[in-house]
Each structure stands twice: as structure tokens, then as C-alpha cells.
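I have placed the structure first, in the form of C-alpha cells, so that the comments after it can refer back to it.
The values are calculated or read from the model by the stated rules, or taken from the named source; none is laboratory data. Keep in mind the model is a prediction, meaning the values are calculated, not measured. Don't worry about glycine lacking a Cβ; one is built from the backbone with ideal geometry, like all the others, and counts go over all protein chains shown. Please note that ligands, DNA and RNA were not included when accessible areas were found on the heavy atoms of the full protein model with its side chains. Shrake-Rupley method; radii C 1.70, N 1.55, O 1.52, S 1.80 Å.
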Amino acid sequence: ARILKKMENYKGYPTEICETFLNFNDWINFLELNNYIKEDSYRKTIIDKILSEGILDPLTEEIISPKEILIKGENYRESIYAKGLISRTRAVLLVFKECLRTNQKRHNQLKIYSPEAITPFALYMRGKFPKFIGSEYGQDPKELFPIPHEDICNLSFPENSFDFVIVNDVFEHVPHLEKAISEIYRVLKPEGYLISTFPFAYMKYESIVKAKLLADGSIEFLSSPEYHGNPVNPEQGSLVYQIPGWEILNMTKLAGFRESYMRFIISAKYGILSPHISGIWCLVARK
């Protein structure tokens, strides 16, 4: 781990941090050396730069002016709106662009799957990648028609179907996370990438389990039920089964992925920020 230099940046702080972590211990060492990323004053500095200079679209480098940026509250992971995208989806696009460097296909040739079809991110991707496939999940698939329905633990696609699978804030809602990761491995082509965000228990190795789906279909709650937004059923929301910890890297290896790591990103340039720890976490796994 290394100390990030604070000189020659905005108001004495670095505004662009993109670090790769292979394990929990490396992250702890990094945090001890760069403790300022937990400070409110640091996040205020990043916000000031965003609102004074604007940001860039991470994929296209299109300029987004300050007047096109809307910040609703201090949950910056979700609240920095710009042209339909938010902090965590811009982080995904930045990591996606990094991974594209290893793939020589043109955009119109790339096959990409994401378990979301009606979100702003899905609309963004569909507009740029003709072979993008999005889906939603519901208890009754007929209620979703004509939106494609997929269970991420039992995908309908053949083996070796996709160059990328991008999963935005879904893993916490999956009752059998190991099975979902194995299914994603199955449908990815050799050298294909899984890129994912989720609420991350970054200070724990083991996941925080909140609920379990039992064999008879009932749910055992280990804490007060927690629900997050659901674009298909906004009133009900989606139940949280677990908040993944660092053990998710081991899950990817057990599924067969040859490499996996966590990307930690803070960027005033691209409008990427979160509360508490300031950075957005992205899981990257390569088949």
C-alpha cells in the first residue's frame, strides 16, 4: 500500500484515486496510510470541484457542465445525477472502459448482459451497444411481458454467450450468491468479464447475512428486514439477503474465474464519490 500524494491537486487533496485491491489486508494497509478519505472535508472538496468544473462521461468523455449536474442529499453513491447516471454507474462505466482495452471487438459486436432492462443505465447501454441484453426479475414473469425475465441464479442463455456481464446493485438481493456467480461464469465467453457494484462490507471479510431463503420457500430473518429500491415494484422494494464482504473474491475463484479484484474509485473528473469512505467499489472478475 502507498500514501497518495496530496500536492498538486485540488485544494491539497488528490481528486482522482483508482486503486486495485486483491485482498482485505491490502485495503486495511491502504486505509491506514490514507485516512483522509474518511473525512467530510475531503468529500466537500470533491463536490466543490464537480460543481465548479463539471464532469466527463466516463465512456465517451463527453463534457457534462455543472448546470447539468443535480445532487440530491449526501448519499453521493446514489445522489450525483448527470444525464441519467449516478456515481456508482459512472464507476462501472469507467471500469468497463478499462476492461475494453483487452477486447478488440467494435462496440456493435460486443455482447453484453445486465439484469436490468428499464433503468437509465440499461437505456444508456442499449443506445451504445446494439447487442446489449437487459432483463428484469419478478415472481410472475407474465407481469413483466414484454420485458425479458431472467433469474440470475438460473439464466436461460447458453454457455459462452457474452463478452461482459454487468451487475449493478443486484448481488445483495440474491438468496444464493455463489450460484449466481457460477451462472455468470457459465454464460461468459473465455476472457469475458464480470463487473459488479453492490453495497460492500469493506471492513469485513465475511458477508453480513440479513436473511436466508429456506428449502421450503420461507425466509428466515437474521435482522430487521431491509429493502432497497426495485424499478419493477417500487412500492414493495427488493429484500436484502446479504451485504457481501471480501469473501466475494473467493466466491469468484471457486466459480472458476482466473482473476478477480476490487477496484476503489474516487473521481472528481467523472463524478464518482460515495459517503463515509468516499470511493465506489467495483468487483471485476475475468474468466
When residue 248 is evaluated against the numbered criteria (1) at pLDDT 95 or above; (2) aliphatic (A, V, I, L, M); (3) farther than 29 Å from residue 37 by Cβ, which criterion, by number, is the only one it fails? (3)
Given the conditions (1) loosely packed, with under 14 Cβ neighbours inside 10 Å; (2) at pLDDT 85 or above; (3) among the acidic types (Asp, Glu), which single one is not true for residue 140? (2)
Restricting to region 147-171, and then to whatever is of a type in the set (S, T, N, Q) and open to solvent by less than 60 Å² (accessible area, probe 1.4 Å), can you tell me which residue is nearest to residue 105 (Cα to Cα)? 161
Restricting attention to region 30-43, does a residue exist that is open to solvent by 30 Å² or more (accessible area, probe 1.4 Å), under 15 Å from residue 90 (Cα atoms) and in contact (Cβ under 8 Å) with a residue 60 or more places away in the chain? no
Taking residue 73 as meeting all but one of (1) touching a helix residue (DSSP H, G or I) at 6+ places or on another chain (Cβ under 7 Å); (2) modelled with pLDDT of 95 or more; (3) not polar (S, T, N, Q); (4) not in a helix (DSSP H, G or I), write down the number of the exception. (2)
Applying the selection to region 230-245, what residues are modelled with pLDDT of 95 or more and open to solvent by 10 Å² or more (accessible area, probe 1.4 Å)? 242, 243
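Within region 255-278, work out how many residues are hydrophobic (A, V, I, L, M, F, W, C) and within 21 Å of residue 29 (Cβ to Cβ). Even if it seems obvious, please write down each step before you answer.
Within region 255-278, the first condition is being hydrophobic (A, V, I, L, M, F, W, C), and the residues that meet it are 255, 257, 262, 264-266, 268, 272-273, 277.
If we keep only those that are within 21 Å of residue 29 (Cβ to Cβ) as well, we get 262, 264-266, 277.
The total comes to 5.
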Within region 143-161, does at least one residue satisfy the condition of being in contact with a strand residue (DSSP E or B) (Cβ under 8 Å, 6 or more places away or on another chain), closer than 30 Å to residue 61 by Cβ and either acidic (Asp, Glu) or free of Cβ contacts under 8 Å to residues at least 60 places away in the same chain (or both)? yes
For region 111-133, name all the residues that are assigned to a loop (DSSP other than H, G, I, E, B), under 17 Å from the mean Cα position of the chain (by Cα) and within 18 Å of residue 184 (Cβ to Cβ). 115, 116, 117
For region 154-169, state whether one or more residues are among the acidic types (Asp, Glu) and at positive phi. yes
Looking only at residues in region 5-29 that are open to solvent by 70 Å² or more (accessible area, probe 1.4 Å) and of a type in the set (D, E, K, R), which one is modelled with the highest pLDDT? 16
For residue 128, the lone unmet condition from (1) closer than 24 Å to residue 180 by Cβ; (2) out of contact with any Gly (no Cβ under 7 Å at 6 or more places or on another chain) is (1)
Which numbered condition trips up residue 105, out of (1) charged (D, E, K, R); (2) open to solvent by 10 Å² or more (accessible area, probe 1.4 Å); (3) touching a residue at least 60 places away in the same chain (Cβ under 8 Å)? (3)
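Conditions tested, residue by residue: (1) touching a helix residue (DSSP H, G or I) at 6+ places or on another chain (Cβ under 7 Å); (2) under 18 Å from residue 88 (Cβ atoms); (3) of a type in the set (Asp, Glu).
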| position | (1), (2), (3) |
| --- | --- |
| 114 | yes, yes, no |
| 131 | no, no, no |
| 148 | no, no, no |
| 153 | yes, no, no |
| 157 | yes, no, no |
| 172 | no, yes, yes |
| 177 | yes, no, no |
| 181 | yes, no, no |
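For the condition open to solvent by 20 Å² or more (accessible area, probe 1.4 Å) and among the hydroxyl-bearing types (Ser, Thr, Tyr), what is the one hit in 65, 114? Break it down stepwise before answering.
Numbers: 114 fails: open to solvent by 20 Å² or more (accessible area, probe 1.4 Å).
Of 65, 114, the one residue that is open to solvent by 20 Å² or more (accessible area, probe 1.4 Å) and among the hydroxyl-bearing types (Ser, Thr, Tyr) is 65.
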